[in-house]
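Trainee: After the structure tokens below, expect a handful of questions from me.
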Amino acid sequence: MSEDVLLETRGAVGLVTLNRPKALNALSLEMCRALHPRLDAWAADPAVKAVVIRGAGGKAFCAGGDVRAVAGSVGRTEGGGSLSSEFFLAEYALNHRIHHFPKPFIALVDGICMGGGLGLSVHGGFRVVTEKLVLAMPETGIGIFPDVGGGWFLPRFPGEAGTYLGLTGARCDAADAVWLGYATHRVEASRLEEILGALVAADWSGLAHHVAAHVLAGFIAEPGTSSLEARAEAIHRCFQGNRVEDILAALEREGSTWAEETRATLLRMSPTSLKVTLRQLREGRGRDYDTMARVEYRLSQALTARPDFREGIRAVLVDKDQKPRWSPATLAEVTDAEVEACFAPRPGDELVLPSLD
């Protein structure tokens, strides 16, 4: 078992601790492979009534998938596939397991939660956030797209908030997370151990989801005012377009300081990622999660193979100069055919989701 994810049973609670604090608990292939079979076992074990997942170190729940490792991989893995293929297959299968988990799945989200961290939390029934939450889907800034089900959950946030967050990578706090519907409970970080103890000590003889909800209700704190909610009307006006160019034009017409800053942010992102992401989010409005997971696997393989992914990782995570050189460099140079190709089926390399009956 990977030392990077600690798996234990406390009473009737299966406990997952993401244990890479120096890497802000970034999710690796090995962590996916260790966690998934344990979740299967806990799902089948009548003595386990709920699962709790948390991050070690106090700074982050999970800062995302280990995309730096994916970008830096050369050649094939020991299993014979590319790391990009094997990582995303394992991560998306794990997200699918959580999405369809038959028992209360409770994420204690303290600190940074980005990208893959949302995949480990948003698909569960309970997302408990603290005042330290920093929530974001920053993928367009590294040449990819908001995956881990982003095409499913972002369009289900209020209005066009999901479009805004998915395209810009804007960060949210706990109040924003409650308004979005991502957070089911807001608590104080100082009480997380107490919450875990209360869940372990609970009488689980009733309906498990009711028991979990009752325990968590005893720890709720006031979430505060959401700045995202306060800006919801402007976000809807500016982000309802079906072309990135239309969104940029709407922001220019809006004319506020926020609109100007947001427009500048979009112009720094990968043009290809922006166009692919907007189509992904629009398609996701009318599709279920499992369908979007298959679409997102295709996108993961198409975009990680493009130069923008490696360049984005270089600019943001390696050299940290924040000056990516995108290719194509402008929205006008990204053709409809290029976007279409990213969504095309990949014969022999498709995501096959297991039956969980």
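The values are calculated or read from the model by the stated rules, or taken from the named source; none is laboratory data. Since the structure is predicted, the reported quantities are computational estimates derived from the model, not experimental observations. Note: ideal-geometry Cβ built from the backbone for every residue, glycine included; neighbour counts use all protein chains shown. Protein only, heavy atoms only, side chains kept; ligands, DNA and RNA dropped before computing areas. Shrake-Rupley method; radii C 1.70, N 1.55, O 1.52, S 1.80 Å.
Trainee: Counting just the residues of region 129-143 that are outside any helix (DSSP H, G or I) and open to solvent by 10 Å² or more (accessible area, probe 1.4 Å), which one comes out nearest to VAL339 (Cα to Cα)?
Mentor: Selected residue: PRO138.
Trainee: Taking interchain pairs and intrachain pairs at least six residues apart, which have beta carbon atoms under 6 angstrom, with the first residue in region 293-320 and farther than 12 Å from GLY143 by Cα and aliphatic (A, V, I, L, M) and the second surrounded by fewer than 23 Cβ atoms within 10 Å (Cβ to Cβ) and modelled with pLDDT under 95?
Mentor: Between residues of region 293-320 that are farther than 12 Å from GLY143 by Cα and aliphatic (A, V, I, L, M) and residues that are surrounded by fewer than 23 Cβ atoms within 10 Å (Cβ to Cβ) and modelled with pLDDT under 95, the close pairs are LEU317/ARG68.
Each row is one residue, and each column tells you yes or no for (1) within 29 Å of ALA189 (Cα to Cα); (2) open to solvent by less than 20 Å² (accessible area, probe 1.4 Å); (3) at pLDDT 95 or above.
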site: THR9; (1), (2), (3): yes, no, yes
site: LEU18; (1), (2), (3): yes, yes, yes
site: LEU27; (1), (2), (3): yes, yes, yes
site: ALA60; (1), (2), (3): yes, yes, yes
site: VAL67; (1), (2), (3): yes, no, no
site: LEU83; (1), (2), (3): no, no, no
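Trainee: Which pairs turn up if I take residues in region 189-208 that are free of Cβ contacts under 8 Å to residues at least 12 places away in the same chain and open to solvent by 20 Å² or more (accessible area, probe 1.4 Å) and look for partners that are among the basic types (Lys, Arg) and in a loop (DSSP other than H, G, I, E, B) with beta carbon separation below 9 Å, at least 6 apart in sequence or on another chain?
Mentor: Sorted first by the residue in region 189-208, then by its partner, the list stays empty.
Trainee: What about ARG231, is it open to solvent by 40 Å² or more (accessible area, probe 1.4 Å), in contact with a Phe, Trp or Tyr (Cβ under 9 Å, 6 or more places away or on another chain) and of a type outside the set (S, T, N, Q)?
Mentor: Values: open to solvent by 40 Å² or more (accessible area, probe 1.4 Å): yes; in contact with a Phe, Trp or Tyr (Cβ under 9 Å, 6 or more places away or on another chain): yes; of a type outside the set (S, T, N, Q): yes.
Taking the combined requirement at face value, the residue satisfies it.
Trainee: If you don't mind, there's one more thing I want to ask. Can you tell me which residue is farthest from ASP176 (Cα to Cα) among those in region 222-249 that are without any contact (Cβ under 8 Å) to a residue 40 or more places away in the chain and among the small types (Gly, Ala, Ser)?
Mentor: ALA249
Trainee: Right, something else. Looking only at region 234-260, count how many residues are of a type in the set (Asp, Glu) and either under 24 Å from the mean Cα position of the chain (by Cα) or open to solvent by less than 70 Å² (accessible area, probe 1.4 Å) (or both).
Mentor: Total satisfying the criteria: 3.
Trainee: Please state which of the following conditions LEU83 fails to meet, knowing it meets all the rest: (1) touching a residue at least 60 places away in the same chain (Cβ under 8 Å); (2) closer than 22 Å to LEU303 by Cβ.
Mentor: Single failed check for LEU83: (1).
Trainee: While we're on this one: Would you pick out the residues in region 161-181 that are outside any helix (DSSP H, G or I) and crowded, with 23+ Cβ neighbours inside 10 Å?
Mentor: Restricting attention to region 161-181, the residues satisfying the condition of being outside any helix (DSSP H, G or I) are 169-173, 181.
Selection gives CYS172 alone.
Trainee: Sticking with this one: Could we say that ARG325 is open to solvent by 70 Å² or more (accessible area, probe 1.4 Å) and at pLDDT 95 or above here?
Mentor: Criteria met by ARG325.
Trainee: Can you tell me which residue in region 37-46 is farthest from the chain's Cα centre (by Cα), limited to those that are under 15 Å from PRO354 (Cβ atoms) and surrounded by fewer than 17 Cβ atoms within 10 Å (Cβ to Cβ)?
Mentor: Initial filter on region 37-46 (under 15 Å from PRO354 (Cβ atoms)): 37, 39-41, 43-44.
Okay, now just the ones that are also surrounded by fewer than 17 Cβ atoms within 10 Å (Cβ to Cβ), so 37, 40-41, 44.
Values: PRO37: 21, ASP40: 21, ALA41: 24, ALA44: 26 Å.
Result: ALA44.
Trainee: Which one is farthest from the chain's Cα centre (by Cα), of the residues in region 14-36 that are without any contact (Cβ under 8 Å) to a residue 40 or more places away in the chain and within 15 Å of GLY124 (Cα to Cα)?
Mentor: Top of the filtered list is GLY14.
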